[in-house]
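Read the structure below first, then the notes.
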């Protein structure tokens with residue numbers, strides 16, 4: 001059996017609520033299929049459909065990558081359409097570059113090895129929703145100004161998530177949490 005797997009960072013509930021209220025107040029009218037607040041997270045490595053028997057190997061790789069990583073905070077500063085100027089498919093909150101995050105990401109990429117293929121430069125972000133097809137031009141015209149939102153996320157652990165589609169909703173389950181050193 002295959003499971004849809006990714007590695008990420010959980011966001012505390014109080015920050016999820018703040019983000020959700022911001023979306024409701026500032027962005028709700030945009031033609032976007034908004035994510036549920038329970039699903040807000042920071043993806044580090046999307047592994048896709050993975051054989052069940054590979055999951056213990058992934059757990060070991062993540063444990064190795066996180067074993068010497070110190071905890072840190074990530075700063076986020078604005079909502080924008082991405083992932084690039086030419087391809088605006090998502091609405092997300094962009095995070096600032098961070099040396100500790102770069103170190104963690106590099107360790108994860110190395111530990112996950114051939115399981116994970118790096119696709120593009122990593123930009124820390126929290127996905128808020130997918131821009132509806134047929135509306136991408138509208139977003140590009142109407143959403144030229146970035147919306148400012150400032151907050152920090154404490155990174156105390158890394159999670160191995162499973163993504164499931166249940167009862168018409170995408171739901172993310174934490175399979176295991178890997179605490180970082182303090």
Item to complete: Taking only region 67-78 into account, find how many residues are surrounded by 17 or more Cβ atoms within 10 Å (Cβ to Cβ) and touching a helix residue (DSSP H, G or I) at 6+ places or on another chain (Cβ under 7 Å).
Response: 3
Worksheet entry | Verdict on residue 81 being in contact with a strand residue (DSSP E or B) (Cβ under 6 Å, 6 or more places away or on another chain), over 24 Å from residue 178 (Cα atoms) and surrounded by 20 or more Cβ atoms within 10 Å (Cβ to Cβ) | yes
Worksheet, complete the sentence: Being under 22 Å from residue 19 (Cβ atoms), modelled with pLDDT of 85 or more, over 16 Å from the mean Cα position of the chain (by Cα) and not in a loop (DSSP other than H, G, I, E, B) narrows 55, 149 down to just 149
Worksheet item: Which condition breaks for residue 58 when tested against (1) surrounded by 20 or more Cβ atoms within 10 Å (Cβ to Cβ); (2) out of contact with any helix residue (DSSP H, G or I) (no Cβ under 9 Å at 6 or more places or on another chain); (3) in contact (Cβ under 8 Å) with a residue 60 or more places away in the chain?
Response: (2)
Worksheet, complete the sentence: Expected single match for surrounded by 12 or more Cβ atoms within 10 Å (Cβ to Cβ), at pLDDT 95 or above and under 15 Å from the mean Cα position of the chain (by Cα) among 179, 154, 124 is 154
Worksheet, complete the sentence: Scanning region 1-19 residue by residue, the ones that are crowded, with 17+ Cβ neighbours inside 10 Å, in contact with a strand residue (DSSP E or B) (Cβ under 7 Å, 6 or more places away or on another chain) and either free of Cβ contacts under 8 Å to residues at least 40 places away in the same chain or part of a strand (DSSP E or B) (or both) total 7
Discussion item. From the list 112, 90, exactly one residue is closer than 14 Å to residue 5 by Cα and crowded, with 16+ Cβ neighbours inside 10 Å. Which is it?
Written reply: 112
Fill in: Single residue of 29, 25 found to be closer than 23 Å to residue 81 by Cβ, part of a loop (DSSP other than H, G, I, E, B) and without any contact (Cβ under 8 Å) to a residue 12 or more places away in the chain
29
Practice prompt. Read through the list (1) assigned to a loop (DSSP other than H, G, I, E, B); (2) closer than 23 Å to residue 170 by Cα, then give the number of the only condition that residue 68 fails.
Written response: (2)
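The values are calculated or read from the model by the stated rules, or taken from the named source; none is laboratory data. The shown structure was predicted, so the numbers you read here are calculated from the model rather than taken from an experiment. Glycine gets a Cβ as well: all are built from the backbone with ideal geometry, and neighbour counts include every protein chain shown.
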